[in-house]
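Scroll down for the structure; my scribbles are underneath it.
The values are calculated or read from the model by the stated rules, or taken from the named source; none is laboratory data. The model shown is predicted, which means the values in this text are computed figures rather than measured ones. Reconstructed Cβ throughout: ideal geometry from the backbone, glycine too, with neighbour counts over all protein chains shown. Ligands, DNA and RNA are excluded from the accessible area calculation, which covers all protein heavy atoms including side chains. Shrake-Rupley method; radii C 1.70, N 1.55, O 1.52, S 1.80 Å.
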Amino acid sequence: MSDSYVNLVNSGFTKTLAKRLGLPRPAHLRRHRQGEPLVPGPVLVVSDAASGDAADAVAQRLLDWDLDVRRHADPAERHGAVVVVLTEVSAPADLGAPMLEVGSVLRGLRPGGRVVIVSRAPEDAGSTATAAARQGIDGMMRSLAKELRGGATGNQVVLTGTTAPTAPSALGALRFLLSARSAFVDGQPLRVADGGAEPADWERPLAGQVAVVTGAARGIGAAIARTLARDGATLVVVDVPAAGDALAQVANEVRGSALQLDVTADDAADRLVEHVRSRHGRLDLLVHNAGILRDKLLANMKPATWDPVIAVNVTAPLTITEKVLAAGAFGDAPRVVCLASTSGIAGNRGQTNYGASKAGVIGMVRASAADLAAAGGTINAVAPGFIETDMTSRIPFATREVARRLNSLQQGGRPIDVAEAIAFLASPQAGGVNGQVLRVCGQNLVGA
Ligand code: NAD
């Protein structure tokens, strides 16, 4: 489940050969390691004329994080990140000057660098010209992300309502997108409302939280369990009895408890509630990761390939979330994170069943955001693109190779990349992110 091509084009003779032949040269991505700097060099903060005060306020907060901050572009300098504050733009003509300033330093952006644009939601604009400018930022950001190389990414924090650029939720999203934790998040807008709080310790933002992860015996689920434990959470890991040995290993590793459970069983939610109540009193975070594929063209589809995919991927998360909420088993600020997929957004040949289930998850997240907010919490989805796991290792070689390369980062993501996004959505600083779908797909080039 490793991508040896990435190693080949980054070392020795094969690196030179790939360069000469003009082959795609995906970079090693910058991933989180405790103790490493948040960004790999100075951070340039740019703005349009009207957003200068907001940019100053953001720059001050970056200084508070001990970053080396610049307010004027120097094309000779090699920046680790560029933050573009465009919260007060009022017409499309306002975008040119700041973006050309960004352009002047892009050649010097360091490997694994970041461009993050902070803007406001088009639907909140007071005039048509402002709405056009704000929507323009979306297309501009997605295009810029496709131009970046060397494992650099471009993303956007979209503030909704009157959320200030220095609100804890806005800064939390900005920090995540600047950090190595967002290695495989590229070309994405992340919508943020007021809410959330800065964690006491940025390295252990989930300290004291009780988290349940389904499908945690291997792959993405095991990575989620490890990452949440790293961030301070106490884990309950869930998987089918057939995966019991692997599940016990993960539970031991994260010093959590294992619960052998088929999430589609009628009594799944009751057993889950009983387990967390008896061991921990409550749960704070529920990650619906268990998922299956039964790919077939619709013309060949049978109930045996359709029904289980719907049952595991969407009916189980729906039922369990409803029952856990109704049982009052959540703590004061419940967080629910579901696994969607880019197949549920763009569609994928042979996956009408899977596409229905994963788009269904997105519908569920959007429709239940208000209920979770009323309970003091949030519900979001993460939509992975191509991730290197057992699930994707079974895809035929040629199809797999194409799927891997067809994104802006020209490689598959790793389970840890999905886990980092989930850990962010579970964290106190993401309290203002609700009802959203965050794609972890390296800016998948296929479909929507
Ligand atoms: P995987 O097949 O490696 O692991 C899935 C786990 O879920 C397994 O341990 C399995 O035993 C468990 N599971 C299956 N049915 C279950 C049930 N009824 N009850 C309890 N546990 C059950 O898959 P993965 O690649 O790690 O994917 C994890 C999630 O991410 C899935 O929801 C998948 O749809 C989603 N996803 C994966 C990718 C990818 O590229 N790998 C892309 C998009 C979305």
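Every listed requirement among (1) surrounded by fewer than 24 Cβ atoms within 10 Å (Cβ to Cβ); (2) of a type outside the set (Val, Ile, Thr); (3) on the phi < 0 side of the Ramachandran plot; (4) within 13 Å of the ligand (Cβ to nearest atom) is met by GLU203 save one, (4). You will find that of VAL446, VAL365, VAL440, the residue that is open to solvent by 10 Å² or more (accessible area, probe 1.4 Å), over 26 Å from ALA304 (Cα atoms) and among the hydrophobic types (A, V, I, L, M, F, W, C) is VAL446 and no other. Within segment 262-286, the set of residues being within 13 Å of the ligand (Cβ to nearest atom) and in contact (Cβ under 8 Å) with a residue 40 or more places away in the chain comprises VAL263, THR264, ALA268, ALA269, LEU272. Entry remark, segment 225-254: residues being farther than 21 Å from ALA265 by Cα and of a type outside the set (D, E, K, R) number 13 in total. Among residues of segment 287-309 that are farther than 16 Å from THR392 by Cβ and open to solvent by 80 Å² or more (accessible area, probe 1.4 Å), those with a beta-carbon under 7 Å from a residue that is part of a helix (DSSP H, G or I) and away from the ligand (no atom under 12 Å from the Cβ) at least six positions away or on a different chain give the pairs LYS296/THR305; LEU298/THR352. Against the criterion of being in a helix (DSSP H, G or I) and open to solvent by less than 20 Å² (accessible area, probe 1.4 Å), ASN353 qualifies. Pairs linking a residue in segment 393-409 that is outside the structural domain of LEU144 (by TED's automatic domain parsing) and touching a residue at least 40 places away in the same chain (Cβ under 8 Å) to a residue that is assigned to a helix (DSSP H, G or I) and surrounded by fewer than 18 Cβ atoms within 10 Å (Cβ to Cβ), with Cβ atoms under 6 Å and 6 or more positions apart or on different chains, are SER408/LYS146. Examine segment 41-61 for a residue that is within 14 Å of GLY113 (Cβ to Cβ), modelled with pLDDT of 95 or more and in a loop (DSSP other than H, G, I, E, B), and state whether such a residue exists. Within segment 41-61, one or more residues are within 14 Å of GLY113 (Cβ to Cβ), modelled with pLDDT of 95 or more and in a loop (DSSP other than H, G, I, E, B). Checked against the criterion of being at negative phi, within 24 Å of the chain's Cα centre (by Cα) and away from the ligand (no atom under 16 Å from the Cβ), the candidates ALA327, ALA333, ALA340, ALA290 yield just one match: ALA333.
Okay, residues lined up against (1) modelled with pLDDT of 95 or more; (2) open to solvent by less than 10 Å² (accessible area, probe 1.4 Å); (3) away from the ligand (no atom under 16 Å from the Cβ); (4) under 26 Å from ALA81 (Cβ atoms):
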position: ARG175; (1), (2), (3), (4): yes, no, yes, yes
position: ARG181; (1), (2), (3), (4): yes, no, yes, yes
position: ASP186; (1), (2), (3), (4): yes, yes, no, yes
position: VAL192; (1), (2), (3), (4): yes, yes, yes, yes
position: GLY195; (1), (2), (3), (4): no, no, yes, yes
position: GLN209; (1), (2), (3), (4): yes, no, yes, no
position: ALA216; (1), (2), (3), (4): yes, yes, no, no
position: GLY221; (1), (2), (3), (4): yes, yes, no, no
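Looking only at segment 376-405, which residues are among the aliphatic types (A, V, I, L, M) and surrounded by 17 or more Cβ atoms within 10 Å (Cβ to Cβ)? Hits for segment 376-405 are ILE379, ALA381, VAL382, ALA383, ILE387, ALA403.
Residue count for segment 8-58 satisfying the condition of being open to solvent by 80 Å² or more (accessible area, probe 1.4 Å), within 25 Å of the chain's Cα centre (by Cα) and farther than 30 Å from ARG204 by Cα: 1. Which one of these does LEU159 not meet: (1) in the same structural domain as GLY41 (by TED's automatic domain parsing); (2) surrounded by fewer than 24 Cβ atoms within 10 Å (Cβ to Cβ)? For LEU159, the exception is condition (2). Residues in segment 106-143 that are under 18 Å from ARG78 (Cβ atoms) and either not small (Gly, Ala, Ser) or not assigned by TED's automatic domain parsing to the domain that holds GLU36 (or both): LEU106, ARG107, LEU109, ARG110, PRO111, ARG114, VAL115, VAL116.
Applying the criterion of being more than 13 Å from the ligand (Cβ to nearest atom) and not β-branched (Val, Ile, Thr) to the residues of segment 348-357, the residue that is farthest from ASN300 (Cα to Cα) is ARG349. Exactly one residue among SER368, SER341 is within 23 Å of VAL157 (Cα to Cα), in a loop (DSSP other than H, G, I, E, B) and of a type outside the set (A, V, I, L, M), and that residue is SER341. Hey, could you check segment 332-362 for residues that are in contact with a Gly (Cβ under 6 Å, 6 or more places away or on another chain) and basic (Lys, Arg) and say which is nearest to LEU445 (Cα to Cα)? Residue satisfying both the conditions and the ranking: LYS358.
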